[in-house]
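Peer 1: Sharing a structure here in structure tokens format.
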Amino acid sequence: MLCPWCEREMQAGEIIGDARSSVRFQPEGKKLTFGDSLCGIGKLTAIKSKWVTFYLPAHYCSHCHKMVVETDVAK
Ligand SMILES: [Zn+2]
């Protein structure tokens, strides 16, 4: 994948972390509530969990120091 900012080749990989807490997208100016969490609102659908770890496919540009993640946000 080419970086959308500098058009150099990006490095494919995964963002990994602890799966005990979900990873959600909180739009600027909106505070996600505990109820939103229970309903799965803001959850990134591309995240895959296995045991206690989550994996999120991503591309990283070492020139721009930016990442691109392809996902949908649960509503
Ligand atoms: Zn770049």
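The values are calculated or read from the model by the stated rules, or taken from the named source; none is laboratory data. For clarity, every value in this text was computed on a predicted model and none was experimentally measured. FYI the Cβ positions are ideal-geometry reconstructions off the backbone, even for glycines, and counts take in every protein chain you see. For accessibility, only protein heavy atoms count, side chains too; no ligands or nucleic acids. Shrake-Rupley method; radii C 1.70, N 1.55, O 1.52, S 1.80 Å.
Peer 1: For the stretch 3-19, state whether one or more residues are open to solvent by 50 Å² or more (accessible area, probe 1.4 Å), in a loop (DSSP other than H, G, I, E, B) and modelled with pLDDT under 85.
Peer 2: Within the stretch 3-19 (the criterion being open to solvent by 50 Å² or more (accessible area, probe 1.4 Å), in a loop (DSSP other than H, G, I, E, B) and modelled with pLDDT under 85), the answer is no, since none of the residues qualifies.
Peer 1: Looking for something outside any loop (DSSP other than H, G, I, E, B) and of a type outside the set (D, E, K, R) - is there at least one such residue anywhere in the stretch 23-36?
Peer 2: yes
Peer 1: Name the single residue, out of those in the stretch 41-66 being open to solvent by 60 Å² or more (accessible area, probe 1.4 Å) and within 10 Å of the ligand (Cβ to nearest atom), that is modelled with the lowest pLDDT.
Peer 2: This residue is SER62.
Peer 1: Which count do you get for residues in the stretch 25-40 that are touching a residue at least 24 places away in the same chain (Cβ under 8 Å) and surrounded by 14 or more Cβ atoms within 10 Å (Cβ to Cβ)?
Peer 2: Within the stretch 25-40, residues that are touching a residue at least 24 places away in the same chain (Cβ under 8 Å) and surrounded by 14 or more Cβ atoms within 10 Å (Cβ to Cβ) number 1.
Peer 1: Which residue is farthest from the ligand (Cβ to nearest atom), if the candidates are limited to the stretch 10-21 and must be in contact with a strand residue (DSSP E or B) (Cβ under 6 Å, 6 or more places away or on another chain) and free of Cβ contacts under 8 Å to residues at least 40 places away in the same chain?
Peer 2: Checking each candidate, the answer is ALA19.
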